[in-house]
1. R168 to D210: extension gain in nm, 0.36 nm per residue of separation minus the Cα-Cα distance?
2. Return the subset of K24/K155; K74/K155; K30/K155; K74/K192; K57/K155 for which the Cα-Cα distance in this structure is over 28 Å, preserving the input order.
3. 7 Å from Cα along Cα→Cβ at both M28 and S122: what's the point-to-point distance in nm?
4. Given a Förster radius of 22 Å and the C-beta distance between A148 and R15 as r, what FRET efficiency does 1/(1 + (r/R0)^6) yield to the nearest 0.05?
5. Find the relative contact order for the chain and round it to a whole percent, using C-alpha pairs within less than 8 Å whose residues are 6+ positions apart.
6. How much length, in nm to one decimal, is gained on full extension between E130 and A39, taken as 0.36 nm per residue of separation minus their Cα-Cα distance?
7. Under a crude label model (7 Å from the Cα following the beta-carbon direction), how far is E60 from R84 in nanometres?
8. Relative contact order for segment 85-169: what is it in percent, counting Cα pairs under 8 Å that are at least 6 residues apart?
Amino acid sequence: MRIVIAHCTVDYAGRLSSHLPEAKRLLMVKNDGSVSIHADDRAYKPLNWMSPPCVLKESEGDEDGRIVWTVTNKAGERLVITLRDVELDASHDLGVDPGLQKDGVEAHLQELLAEQIETLGSGWTLVRREYPTAIGPVDIMARDSDGAHVAVEIKRRGEIDGVEQLTRYLELLNRDPLLAPVRGVFAAQEIKPQARVLAADRGIECAVLDYEVLRGMDDPSSRLF
């Protein structure tokens with residue numbers, strides 16, 4: 001991973017155009033080829049980014065000490081970052097990440113839902129659990145009754161970051177012509193209202209899971225309420 005702290009301007013040219021005026025920012029270039037630009041007030045979310053696969057070309061510094069990064073993806077979209085006053089430029093090998101270890105309930109939810117995939121829809125079939133992508137595995141890959149692929153991300157508690165995670169998976173999966181179109185389902189025991197709004201905006205369905213029913217410990221037909 002390469003980490004750079006510098007004053008920079010950022011211009012994006014693609015489906016839309018955007019501009020970030022000059023300010024001191026953190027730039028991250030990951031081993032998968034992704035590039036992201038961060039401020040100090042947005043938690044984990046970047047101001048702008050380019051998802052892999054993409055190519056970064058770096059110019060030599062001009063007489064004013066400015067360096068230009070041009071990041072281009074497969075679709076021809078460009079992120080042009082002009083840097084000056086570089087304060088830090090460091091590279092580190094982070095090695096192979098073991099991935100997120102789910103807690104016991106999330107792991108069990110994934111196992112139970114894979115075994116009872118028709119909980120999400122009649123005629124659904126399981127493709128596999130932990131379906132691999134370049135940025136980590138999708139919890140479940142399934143096919144619906146029409147044979148279309150569906151990526152399912154499972155959380156104990158569904159929040160905005162889970163929707164963002166599934167969005168990144170879908171972006172990569174839909175680049176594979178053997179899979180596309182792939183739609184997403186965000187499944188959790190509880191889904192926050194903000195996460196539902198974001199999911200709807202991204203075209204992602206939400207599904208609330210009843211852990212006790214999946215475990216066979218509760219019969220919803222016998223409830224009074």
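Read-outs: derived from the displayed coordinates by stated rules, not from any lab. On a predicted model such as this, the values are computed, not experimentally measured, just so you know. So basically every Cβ, Gly included, is an ideal-geometry build from the backbone, and we count neighbours across all protein chains shown.
1. Values: separation 42, 0.36 × 42 = 15.12 nm, distance 2.60 nm.
Roughly 12.5 nm would be gained on extension.
2. Values: K24/K155 35 Å; K74/K155 32 Å; K30/K155 26 Å; K74/K192 35 Å; K57/K155 38 Å.
Beyond 28 Å: K24/K155; K74/K155; K74/K192; K57/K155.
3. Placing both labels 7 Å beyond Cα along the Cβ direction yields 4.5 nm.
4. Values: r = 24 Å, r/R0 = 1.11.
Once the sixth-power term is evaluated, E becomes 0.35.
5. Working: 422 pairs, mean separation 28.0, N = 225.
Averaging sequence separation for qualifying contacts and normalising by length gives 12 percent for the chain.
6. Details: separation 91, 0.36 × 91 = 32.76 nm, distance 3.26 nm.
In short, 29.5 nm is gained.
7. 2.0
8. Details: 91 pairs, mean separation 16.8, N = 85.
Averaging sequence separation for qualifying contacts and normalising by length gives 20 percent for segment 85-169.
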